[in-house]
Amino acid sequence: MKYPNWWPQKNKRVERKSSVPPVRPQSRVQKRFFNWIDKRTPFAKQASLTRKNLYILPTKTGMSFFILSFLLWLIGTSYQNNLVLALSYLLISLVVVAIFHTYTNLAGIEVKALGAKPGFAGDSIYYNLQVTGHRVKSHDSLIIRWWDGEPAVFNFPANQVTQIEVGLEAHQRGILHPGKLLIETVYPLGIIRCWTWLNLDVSAIVFPKPLKAPFPVQLVGHNENEQGEQVSGGEDFSGLKEYRAGDPVKHISWKHYAREQGLYSKEYSGTRNHHNWLDWDEFAHLEAEQRLSAMCYWALTFEQQQTPYGLRLPSVKVSPALGDAHKLKVLSALACFELLQGEL
């Protein structure tokens, strides 16, 4: 996806608003472990799973398996029972075989970040990943998830390239950095866990959550050359009409009433633009985030109605137009509003 010129560049140190809080390990051991991982696996678009970034430990079932094997060996040694000793050696050999097969089920896989689909705050954002297996046999029962994301189980054929989508819930608008990617497996026996943490350089844009709000009546004021139609409610005097109950008192023509010419109300009108503008200042009755959400709602509505619309923000102006490219530009501007200046 090609982003506009005002999109935050990678070489600029800017304050970004992310929908997911940064990883904050709760213990000193976890903090040191993840610092060690960051040194071994720096941020990159692509990563390969090798012995340098794969970690193996027994599962809870595996620990019970180890304890059972040790107890059988202890009983067989104490009572010199060859049958019990043979059973304990068999269980230990199964553990060794499980270590080898669990490791090879992950080793050799290449993971590449292809990008992400934009979405709205409160929805799940899906990241596209390309997984390539280089072993003769397939990679079975791989569990993949982002940090704090929902896990998903995948099976990858042997020597094939597969594209998958891994989702993560977006809590607020902005640029969503998913954090570390966890890939793990306990295949085939479930007694050994092999896993890795990858730092993939990928992000997604999260649009404001649409908020249905009344659209303000817009009059020509930003550009005097804009042509439009006459509507009531402006600031230009257009004539008199007979007073009706409910008309504003301040619009009563007291001069005509004093001359006993009758009770009349003054009419005012203005010129409404043919193009609808999503203007930051015209949604001043809403809070900052609500303004962006309301403008997002009307951008989607105008796009659906095929009505040209433009965008005016304090730092961005987008001319009225239609189409997917225009909608993406408008929604991206709303999502990234004031990201370079800090919090709203």
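The values are calculated or read from the model by the stated rules, or taken from the named source; none is laboratory data. None of the values given here were measured: they were computed from a predicted structure. All Cβ positions, glycine included, derive from the backbone under ideal geometry; neighbour counts span all protein chains shown. Note: accessible area is taken over every heavy atom of the protein model, side chains too, but ligands, DNA and RNA are not part of it. Shrake-Rupley method; radii C 1.70, N 1.55, O 1.52, S 1.80 Å.
Quick notes on this structure:
- Subtracting the Cα-Cα distance of Thr162 and Lys60 from 0.36 nm times their residue separation leaves 33.6 nm of extension gain.
- Considering only Cα atoms, the convex hull volume of segment 105-186 works out to 82 Å³ per residue.
- Under-5 Å amide H pairs with Trp277, H placed in peptide plane, nonlocal only: Gly310
- Sparse packing (at most 13 other Cβ atoms within 10 Å of the Cβ) combined with a DSSP loop state is found for the following trypsin sites (Lys or Arg not before Pro) in segment 47-124: Arg51, Lys52.
- 3J(HN,Hα) couplings calculated from phi for segment 27-36 with the Karplus curve 6.51 cos²θ - 1.76 cosθ + 1.60 (θ = phi - 60°) are, in sequence order, 10, 5, 5, 4, 4, 5, 5, 6, 5, 5 Hz; Gly and Pro show x.
- Rounded to whole Hz, the Karplus (6.51, -1.76, 1.60) HN-Hα couplings of segment 46-57, x for glycine and proline: 9, 8, 10, 8, 10, 5, 6, 10, 9, 10, 10, 8
- Using the Cβ-Cβ distance between Ala152 and Arg51 with R0 set to 25 Å, the FRET efficiency from 1/(1 + (r/R0)^6) comes to roughly 0.50.
- Using a Förster distance of 35 Å, the FRET efficiency for Ala288-Asp247 (Cβ separation, nearest 0.05): 0.45
- Report note on the peptides 307-314, 178-185: ranked by the mean count of other C-beta atoms within 10 Å, highest first, their order is 178-185, 307-314.
- For segment 45-165, convex hull of alpha carbons as volume per residue, Å³: 124 Å³
- Projected label distance in nm at Glu338 and Val136, using a 7 Å step from Cα toward the beta-carbon: 6.2 nm
- Label-point separation, His171 to Leu94 (7 Å along Cα→Cβ), nm: 4.3 nm
- Accessible carbon and sulfur surface of segment 37-127 relative to its total accessible area, %, 1.4 Å: 67 percent
- Protein heavy-atom accessible surface, 1.4 Å probe, per residue over segment 92-184: 45 Å².
- Of the cross-linked pairs Lys39/Lys112; Lys60/Lys137; Lys212/Lys329; Lys209/Lys266, those separated by over 30 Å at the C-alpha level are Lys209/Lys266.
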